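Let me begin by presenting the structure, written as structure tokens, before commenting on it.
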Amino acid sequence: MSSLPHRLDVVVATPAHSNLAGALTYRCAGPLAPGSLVRVPLGRREVLGVVWGEASAPPGEHEERSIVAQLEGIAPLSAAWRQLVAFCAAYYQRSPGEVALAALPPQLRELDPAQWRRRLARAAAPSAPAAGTPPPALTDEQSAALDAVRTGPGPFLLFGATGSGKTEVYLHAVAEALAAGPQAQALVMVPEINLTPQLHARFVERFGAAAVVAMHSGMTPPQRLKAWLAAHTGAARIVLGTRMAVFASLPGLALLVVDEEHDPSYKQQEGARYSARDLAIYRARLEGAKVLLGSATPSLESWHASERGRYRRLEMPSRVGAGALPAVRLVDMNLQPKKTVVSPQLLDAIQTRVARGEQTLLFLNRRGYAPVLACTACDWKSECPHCSAYRVFHKIDRTLRCHHCGFTERVPRACPQCGNLDIAPLGRGTERLEEHIAELLAGALRPDGQPARIARMDADTTRAKGALDAQLAQVHAGEVDVLVGTQMVTKGHDFRRITLVAALNADSALFSSDFRAPERLFALLLQAAGRAGRDAARAADSQMWVQTWHPGHPLFAALRRHDYPAFARQQLEEREAASMPPFAFQALVRAEARTQEVAQAFLQAASDASRQLPDAPQVTVYPPVPMAVQRVANVERAQMVVESTSRVALQRFLSAWQPLLQDSRQKGLIRWAVDVDPLAI
């Protein structure tokens with residue numbers, strides 16, 4: 001056993017659900033402050049760890065190994081940061097080491113002390129925000145919202161229509177937070193990487209490049225380390241990032257902004273399945289900072305909290321420049337010829353926009369050319385051999401591609417089952433829609449006599465580095481007349497020339513088994529409508545068209561009025577009657593195994609074992625069922641819903657259940673995970 005006098009608890013990245021879930025005890029020659037970064041031995045490897053404090057357990061009979069080295073030269077991670085990590089680990093049922101190390105930049109885990117010193121020598125020094133461009137005059141609604149943020153404690157829910165100028169409120173709120181002291185910092189979060197460049201440009205324009213850093217998974221490891229260091233040392237006063245930025249080390253944090261707070265992208269879908277929005281609210285309370293959530297379509301959880309007075313709601317119903325919200329027009333597809341893709345009325349509206357030199361956005365939430373390729377003679381369809389799903393036909397490179405496991409093959413010349421040469425696409429994706437629109441607009445001319453230009457924006461066309469920025473620049477410059485895209489084009493973009501937005505297949509979520517599907521659909525359609533008429537001069541002619549087989553559905557009635565409060569009221573009444581969130585609290589246990597029988601047997605054994613737990617009477621454990629996509633990459637998947645009307649009882653139950661879940665493991669089980677507050681069931 002090491003004879004070094006000091007015993008310290010250190011958290012390291014231990015495998016999920018291993019027996020090394022908590023902090024490990026190491027010895028060192030002298031005391032180290034909690035939050036210090038250290039290199040420690042783990043098995044045969046040397047890994048990065050975070051000192052969590054003095055050893056909590058007495059010495060045991062096992063040998064306690066020694067800390068190899070400390071990464072010196074920076075302040076330890078703060079007590080508030082460690083508490084945030086500890087809360088996240090406990091609430092989402094993971095280990096503190098897993099959460100802590102995932103929150104640190106990947107390159108930090110690889111550097112030895114000598115490399116670390118060299119890297120630290122290149123770190124930027126703190127700088128004051130530069131005087132950027134002067135801000136525009138605020139509207140009365142923006143001023144009222146800022147006054148409320150200035151004087152109240154929060155949390156604040158900024159309920160502002162699309163185009164009402166929420167970003168300008170964020171910019172002013174950040175400026176006021178930074179003016180409070182030379183060390184003050186602000187964290188601004190956006191749901192997706194493709195929204196960061198636009199917002200980053202606005203913040204740099206206002207505060208100068210030295211004061212602003214971005215943090216998202218699209219950055220290279222050196223860029224992420226540089227940004228993390230700038231935030232941790234205070235060199236960066238403003239951090240702009242996606243959900244991972246909620247863990248940024250910000251010693252002077254004074255303000256957190258969560259833009260588009262309703263967006264499902266704030267929920268992590270692997271590892272520690274945390275909600276960055278919920279952690280932002282907890283972190284603000286922990287650090288005495290203010291938190292501002294913004295959305296035109298708030299999540300029903302946040303709306304319910306504002307109705308009950310837990311959040312303070314700030315309303316901005318008017319667009320900047322007195323521009324009108326787009327008129328919503330429904331097209332009843334029951335009255336159209338059977339195989340109509342774009343109704344004649346909508347095509348006429350698109351041609352009118354092209355002739356006027358205005359832009360149109362066509363929104364279809366399915367990429368690829370067609371979702372299925374099928375034989376016209378037998379029952380063969382392009383099923384994935386490894387998943388319980390169809391492979392999508394991508395015409396551009398003549399491939400069948402599974403969007404679940406990635407398995408890709410060339411399109412067969414003939415049906416693999418019967419040899420028939422006539423195999424045809426079924427359904428429609430953005431690639432096929434782009435081709436169809438090009439045929440329909442073959443004779444349409446722009447004001448300069450040139451043919452209409454059509455572009456597609458989805459995960460396939462924006463895969464290459466810089467492709468997204470280039471495509472967005474083309475749209476902003478007016479070099480595209482009709483933009484065809486998936487949901488990525490409906491979020492947050494400030495397209496000034498678009499006056500017509502159309503959703504072509506909006507019905508799929510109306511009758512989904514997922515109780516959150518209507519909420520997501522309404523948010524998506526209202527956000528899509530918000531891309532139209534953002535230039536006040538063109539707002540009067542802006543329209544949102546929805547092609548639907550169910551024009552009488554109440555969701556569309558609320559959409560036509562742009563009436564989110566009415567939609568939220570109706571949804572909350574339904575959820576309360578059914579005891580669904582936010583009136584109940586849920587967790588999901590997912591299991592993956594070689595066979596469906598093993599996955600479900602593990603879940604059933606865990607369910608049976610849970611009946612002995614003290615909080616079991618307050619918790620409902622539903623029977624295990626296969627997941628919607630039952631098989632992915634030859635792995636069978638099953639899930640089990642756990643529900644309670646008491647969040648505290650559910651948390652106690654899940655904590656006590658962890659060892660029983662461990663004991664229920666059986667041969668053939670690959671992995672299992674607990675998802676607290678799941679977004680999709």
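The values are calculated or read from the model by the stated rules, or taken from the named source; none is laboratory data. This one's a predicted model, so the numbers in the text were calculated from it and none came from an experiment. Note that each Cβ is placed from the backbone with ideal geometry, even for glycine, and that neighbours are counted across all protein chains shown. The accessibility values were calculated without ligands, DNA or RNA, using every heavy atom of the protein model including side chains. Shrake-Rupley method; radii C 1.70, N 1.55, O 1.52, S 1.80 Å.
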- prompt: What's the local net charge at Val174, with K and R +1, D and E -1, over the other residues with C-beta under 9 Å away?
  reply: +1
Theoretical gain in end-to-end length, Glu63 to Arg109 [0.36 nm per residue, Cα-Cα removed]: 14.1 nm
message: Give me, ordered by chain and number, the residues 5 or more places off Arg366 or on other chains with an amide H under 5 Å from its own placed amide H.
response: Thr430
Accessible surface of Arg150 - all protein chains present, 1.4 Å probe, nearest 10 Å²: 120 Å²
message: If you average the C-alpha positions of the stretch 563-608 and of the stretch 143-170 separately, how far apart do those two centres end up, in angstrom?
response: 33 Å
message: Explain nothing, just the number: relative contact order of the chain, from Cα pairs under 8 Å at least 6 residues apart, as a whole percent.
response: 11 percent
query: Using a 1.4 Å probe, how large is the accessible area of Ser512, given in Å² and rounded to the nearest 10?
result: 50 Å²
statement: Among GluC sites (Glu not before Pro) in the stretch 55-99, those in a DSSP loop whose Cβ has at most 10 other Cβ atoms within 10 Å are Glu61, Glu63
task: May I have the count of lysine pairs in the chain with C-alpha atoms under 21 Å apart, counting pairs 8 or more residues apart or located on different chains?
output: 8
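Asp608 to Ala121: extension gain in nm, 0.36 nm per residue of separation minus the Cα-Cα distance?
Length gained, Asp608 through Ala121: 169.6 nm.
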query: Amide H to amide H, which residues 5 or more places from Ser646 or on other chains are under 5 Å from it, using H placed in the peptide plane?
result: Phe585
statement: Partnerless cysteines (no other Cys beta carbon under 4.7 Å) identified across the chain are Cys28, Cys88, Cys405
Local net charge near Ala452, Cβ-Cβ under 13 Å (Lys/Arg +1, Asp/Glu -1): -2
statement: From the Cα centre of the stretch 367-381 to that of the stretch 387-405, the distance in Å is 10 Å
query: According to a simple spin-label model (label point 7 Å from Cα along Cα-to-Cβ), what is the distance in nm between Trp549 and Ala75?
result: 6.0 nm
- line: Counting only residues 5 or more apart in sequence or on a different chain, those whose built amide H sits under 5 Å from that of Arg313 are Leu157
message: Tell me the mean residue ellipticity at 222 nm calculated for the chain from its helices only (DSSP H runs of n ≥ 4, each -39500 (n - 2.57), averaged over every residue, nearest 500).
response: -9000 deg cm²/dmol
- request: Considering Cα pairs under 8 angstrom that are at least six residues apart, work out the relative contact order of the stretch 206-331 and quote it in whole percent.
  value: 19 percent
- request: May I ask for the net charge around Gly668, where only other residues with Cβ less than 9 Å from the Cβ of Gly668 are counted and Lys, Arg are +1 while Asp, Glu are -1?
  value: +1
